[in-house]
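Data first, discussion second: the structure below is written as structure tokens.
The values are calculated or read from the model by the stated rules, or taken from the named source; none is laboratory data. Just so you know, these numbers come straight off a predicted model, no measurement behind them. Here the Cβ positions follow ideal geometry from the backbone for every residue, glycine too, while neighbour counts run over all protein chains shown. The area values use the complete protein model at the heavy-atom level, side chains included, leaving out ligands, DNA and RNA. Shrake-Rupley method; radii C 1.70, N 1.55, O 1.52, S 1.80 Å.
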Amino acid sequence: MMISQVFILSSKGDRLVYKDFRGDVGSDAVGIFYDKVTALTGDQPPVVMTHKDVHFVHVWQGGLYLVATTTAAASSSPFAIIEFLNRLAALIKDYCGALSEKTLQMNFALVYELLDEMLDFGYVQSTSCDVLKNFIQTEALSARPFSLFDLANVGLFGADTQQSKVAPGSAAARPMQGGKSEIFVDVIERMSVVMGANGVLMKAEVEGEVVVKCFLPSCSEIRMGLNEDLSIGDPQLRGYGAAVRVDECHFHPAVRLDEFDAHRILRLSPSQGEQSIMQYRLADHLPLAPPFRLFPAIEKDKTGRLLLFFKLRCDLPPKSSAVNVSATVRVPKGCVSLSQELSSPDQSAELQPHNRAVVWNIARFAGGTQLSALFKLDVPALSSASTLEVGPVGLTFELPKVTASGLHVRFLRLAPAQHRGPARRWVRYVTHSDSYAIRI
Amino acid sequence: MQEWANQLCENRQFGSKMTDSKYFTTTKKGEIYELKAELNSDKKEKKKEAVKKVIASMTVGKDVSALFPDVVNCMQTDNLELKKLVYLYLMNYAKSQPDMAIMAVNTFVKDCEDPNPLIRALAVRTMGCIRVDKITEYLCEPLRKCLKDEDPYVRKTAAVCVAKLHDINAQLVEDQGFLDTLKDLISDSNPMVVANAVAALSEIAESHPNSNLLDLNPQTINKLLTALNECTEWGQIFILDCLANYTPRDDRESQSICERVTPRLSHANSAVVLSAVKVLMKFMEMLPKDLDYYGTLLKKLAPPLVTLLSAEPELQYVALRNINLIVQRRPEILKHEMKVFFVKYNDPIYVKLEKLDIMIRLASQANIAQVLAELKEYATEVDVDFVRKAVRAIGRCAIKVEQSAERCVSTLLDLIQTKVNYVVQEAIVVIKDIFRKYPNKYESVIATLCENLDSLDEPEARAAMIWIVGEYAERIDNADELLESFLEGFHDESTQVQLQLLTAIVKLFLKKPTETQELVQQVLSLATQDSDNPDLRDRGYIYWRLLSTDPVAAKEVVLAEKPLISEETDLIEPTLLEELICHIGTLASVYHKPPSAFVEGSRGVQHKRLPGSSGSGESVESPDPGSATATEAPPAVIPSQDLLGDLLNLDLTPTSTTGPPPPSSGMQMGAMDLLGGGLDSLPPVPLRTDTPQSPQPLHQSPSPPDHSPTEIGGDLGGSPAMTAGFGAPPAAVPPSFTAPVSGGLDDLFDLGGGVGMPVSVYVPPKTLWLPAMKAKGLEITGTFGRRAGVVQMEMTLTNKAMSVMTDFAVQFNRNSFGLAPAGPLQVLTPVSPNQSIEVVLPLNTVGPVMKMEPLNNLQVAVKNNIDVFYFSCQYPISMLFVEDGKMERQVFLATWKDIPNENESKFQLNDCHLNSDAASSKLQGSNIFTIAKRTVEGQDMLYQSMKLTNGIWVLAELRAQTGNPNYTVSLRCKAPEVSQCVFQSYEAVLKN
């Protein structure tokens, strides 16, 4: 595990940060990397690229390439390097508020300092914010100028207005040093579902994590209560009841679990910045029905057009809704035009001939409702096999305030510590689609 | 005080200059001056800002080395932030300004004594990064102190510093006894220190493969395991990787280490997980399989591997490449986790292909229904590569799980109905394999296949279809019509198709002799008379002779029962797999190549092996590499050739999945050597006459050991017939040889003589080196050659003067390859006027070297009793190609990739009327070895290697289009300047 160089490039290939740790790779590696990465085609795995005996590993975050080079193929782990680069990105976000060309240019001295403490002679020393802050001297400069809009979130006269109960998405994007004492807990889930042509659920999987982003100046202990009926492991072991269940979960090494078995309470003293404190996975046996079902009908009309009639139902509870729903329907080769009838005006659909797909966008989709669409496709070379080519429908969506596993944070208590003033606590939930496919 | 005065002085100096520089502020120089002034400012903030500006310029690649003294001046500060910035600058520029770097040494040494541990550590860290030899001597004392510092932060930094120092000056580190101190640090109380010490020792140990630096014994292992629980995730990786190099003494110890490593499997950092998996996979080898703990361990390994798949696609891909290895070694770990490998519709293609590969490896009777349903879905996806691989996968399932075969076949038929061109072709190729595995079971589908005859445009699919028609000719009514339709464009087909067609028609003839006589004659004459492909001609002649001599024997041979194909998918060769398992989690595991394949000699790479099971001594699971060759293996089951051709990396050969060498070349080589070997042993006279016995050696000659029948049979469908042909007892040849056949045979032998026999080295004709006019009557013509591994200079000395010449001697000027006479010039008798003598001068290549222009130029001085004469000549570089220039395929491929594209030179070789095989054997005579041959769309590609006497390897790719006399030669070499000469040799060899 020896990293020779670390550099950060803008999307245009400009060097933003460049540090050589071992002196065994020339600085021309930057140019070579950029040439290689821009020459990649979509079907080549971008993970590791090689030039002579230099290996490049990179991650792409915030519109920037974070790259590490190494010459030791036998002992360097791509996992470790990718993990390291991701941590680097997270740390830069923690320290500078965001990872962007601008913040890097403003804070390059800080980033160099970070790198110096994180890596020595290419060996990773530490990526923990708590450890690093003992060594870091430079102060971060925030890229965001003061704006009146920032005040919009402040509750008037301390009153807890309805609006301020929801933390805006961008609220957590700021440097961790200084500022308000706040703590954000995000429960983020990603959902993969495959539904068979007959509507049978063939595969359902949820991967979730609990992320804490802490802006508290002192590391006082927090106690976080999860669902009391949360069970871990095999469903058969648990008998009946609508318990919330996960198959497996991992915790951050710093989480203390002494109250977890009895009361499902996590205790931790989060360090400043962002960390994932719990990751879990749940396969099959989801507590709720999958959020979307599709009822397709495919036929050919007399003029030789292919008619696709879709009814899409959202099975979320009526109070919730899905946003940014987009359904991608694969259509036969050689499709030239599309005419559409959609059931409401806030939807749109377009044909993307190069992808052989019709994309149906729905901005907001309330739970318990149903939308329908009729697509008429002109396919010049329509054959009997063409209907077979109408392929699976892939859905992407976001479900705010919903967790597919049913996991909830019951409470979030801060130990009555010596921090200044009351701390704001935010808990946010969101479920994303990872891969949601409905076969036809 | 002194310093302050200096600064003041400099400031004043700059002050006066500043007024001038105003005029130049737009130039670069102005900028530098400005920074200089700011650096020397006495305000701390301003200084800091200035250093930041300098570093900013440094980052974008501007040269700010001119500011070195000014920046170094800022070093003596108690502001840590400023100090760090200055050190950052120092690390970057010290190397280019070694003399000035010395200026900083005093401060470093002082800082190493600072009460603040941060400053001590910072100093020792930075000093190690200044890669200047002169500094190292000053570094030793501070480093020694820091290694024993009371603060663990300083100690851990010092531990790494030893590795840095070792990189600059290894001898110094040994002399100063730092290695022993470093070893002591393994027992340090602080886990971070232990981890860094382990990392440093591991790296140093790599460059001393035989030293016992990392003396791993149960005591140290115990210390490491203790530290493992306490140190950071990154330290855990170092320690786990180090543990993986240890070989436990017995299964007890192995188990206890496994028990202590297992908790790492649930770590959130995937690198820790993978390093733990590596240790467990290795130590598991030593556990007896009936142990309860073994089963427990297997169960524990599955969940972390599954979890890896929830990462982002890039990590997923890396994880899948590793899982692919693990599944090959221990499929039982993931046998219940099939579902997680199902492809998501939005996975990137490289993830999809990798998942598919693992799915087939895990397919079993228990999950086949599920797998098949998935594969069918995939076969209707958009991406062509993926669809093809999915269709092939269905075929693999049929072959692997017998119970599913019927369902697979019907799935394939459904897919054929879609009429999507590439799906149909792929399906036909796999159905052929299914027929091979389950003969006489699914012929009912043949009718459907025949309907799609016209849409087949890929050689592989055409060949497969023809094989099916030939194999089942008796059940296809219009088999003759079908085959005849292919025959029309016979010469436009690729070799693969031609060979299949030939075999299929012969099969047809043997099955329905009455109606197809004309057809068989047509194809035999097309193959033997109109084709210049030796494979095709050989096969044609063999059939011809078989048919004309003994039709019954022909039937036995051609329609013999075929060996079954094996059910395992393209597995990685076991020894390679073992080595790769030892490298789980590293880059090597992503490439599926051993680290030695892409690491230049600089770092010693040891080949790692898995430990054997402690009980049985020599492990059954790790077969000796020697026995991996198929020689001893019974030819009953042949590994089916790389069915799922590695679509992802379209290498010239699927090296990452080598089991058997690619059959295409194996087949040809085998057949050819067989012929050549047989004819070699015969006196030449009977060959020319039509003696009836002459063909016998063809059968009697034992096949060369390296080309086993298994390989010959590795070719698709048709070749089993060939295998059987060679394996059959020698058929007695009746004396009543029919005229056309014997004529043909004669031709065959000519061919055999030309192709199979060891061709002597090409020696260019003698040329005039020294005309008599220039050398007082001495004329020298000469040439170079390589005979029996010795380079020779062959000269004819002619005396055109009036007097006798004696006392000849020769000397060479320094030249590119160090050629020098190996002995004196042997002219024993005086050369009288008008007499010519032949002299052969053996040469060696140990003389002094100097690069010549052109590279193969040789300046020679010849002396006789009259005078000394000088001339220069050019030798063919081919005489420097050594006999052991045949590269391993693996190495070839890796080297080929390793050599950058810009080192490749392409040449056009015109008017060469040899086919690729003849060319190959001709080149082999000159020690240009063909390593692999590939045929793509009628274009033959030969991959060749040669090695020069000075150890330079040259790799070549020769492309020949059938019927086109122009070859393309691409040469790759680390030393590209030789390419031109090498090509000249190619030209010379091939055209003569």
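Return the aspartates and glutamates within reach of A:K12: Cα separation strictly under 20 angstrom, same-chain partners fewer than 8 residues apart disregarded; answer none if there are no such residues.
A:D28, A:D35, A:E101
Percent relative contact order of segment B:757-862, based on C-alpha pairs within less than 8 angstrom and at least six residues apart?
With pairs under 8 Å counted, the relative contact order is 26 percent.
Near B:K400, which lysines are there with a Cα under 20 Å away, not counting those fewer than 8 places off in the same chain?
Result set, ordered by chain and number: B:K335, B:K339, B:K355, B:K376, B:K389, B:K432, B:K437, B:K441, B:K562.
Could you check how much of the accessible area of segment B:924-992 is carbon and sulfur, as a whole percent, using a 1.4 Å probe?
Reported share for carbon and sulfur atoms: 44 percent.
Name the residues whose placed amide hydrogens come within less than 5 Å of the amide hydrogen of A:V393, ignoring near sequence neighbours (fewer than 5 apart) on the same chain.
Result for A:V393 returns A:I438, A:R439, A:I440.
Per DSSP helix of 4 or more residues, -39500 (n - 2.57); summed, then divided by the residues of chain A. What does that give at 222 nm, rounded to the nearest 500?
Value at 222 nm, helices only: -4000 deg cm²/dmol.
Compute the Cα gyration tensor for chain A, then decide on rounded, prolate or oblate, letting a ≥ b ≥ c be the square roots of its eigenvalues: rounded whenever a/c is under 1.5, prolate when a/b is larger than b/c in the other cases, and oblate in all that remain.
Taking the square roots of the gyration eigenvalues as a ≥ b ≥ c, chain A is oblate.
Amide H neighbours of A:T50 under 5 Å, at least 5 residues apart or on other chains, H built in the peptide plane: list them.
Correct list: A:F56.
Give a residue-ordered list of calculated ³J(HN,Hα) values for segment A:428-440 (Karplus: 6.51 cos²θ - 1.76 cosθ + 1.60, θ = phi - 60°; whole Hz; x for Gly, Pro).
So the Karplus estimates, Gly and Pro as x, are 10, 10, 7, 10, 9, 7, 9, 8, 10, 10, 10, 7, 10 Hz.
State which entries of B:K83/B:K164; A:K36/A:K376; B:K62/B:K148 exceed 32 angstrom in Cα-Cα distance in the structure shown.
Violating the 32 Å Cα-Cα cut-off are A:K36/A:K376; B:K62/B:K148.
State, in square angstrom and to the nearest 100, the accessible area buried between chains B and A, both chains counted, probe radius 1.4 Å.
Roughly 7100 Å² of accessible surface disappears when B and A pair.
Express the relative contact order of chain A as a whole percentage, based on alpha carbon pairs under 8 Å and six or more residues apart in sequence.
Taking the mean separation of contacting Cα pairs over the length of chain A, I get 15 percent.
Rounded, prolate or oblate: which fits segment B:39-143 when a ≥ b ≥ c are the square roots of the eigenvalues of the alpha-carbon gyration tensor, with rounded for a/c under 1.5 and prolate only if a/b beats b/c?
It comes out oblate by the Cα gyration axes.
Set the Förster radius R0 to 56 Å, insert the Cβ-Cβ distance between B:H336 and B:N950 as r into 1/(1 + (r/R0)^6), and round the FRET efficiency to 0.05.
Step by step, r from the Cβ atoms, then E = 0.45.
If you plug each phi of segment B:806-815 into the Karplus form 6.51 cos²θ - 1.76 cosθ + 1.60 with θ = phi - 60°, what whole-Hz ³J(HN,Hα) values come out, in order, with x for Gly and Pro?
Values, residue by residue: 9, 6, 6, 8, 9, 8, 10, 6, 4, 9 Hz.
Can you list the residues, at least 5 places off or on another chain, whose amide H is less than 5 Å from the amide H of A:R245, using H built in the peptide plane?
A:S231
Go through segment A:296-304 residue by residue and turn each phi into a ³J(HN,Hα) via Karplus (6.51, -1.76, 1.60, θ = phi - 60°); whole Hz please, and just put x for glycine and proline.
Running phi through 6.51 cos²θ - 1.76 cosθ + 1.60 with θ = phi - 60° gives x, 9, 10, 8, 9, 8, 5, 7, x Hz.
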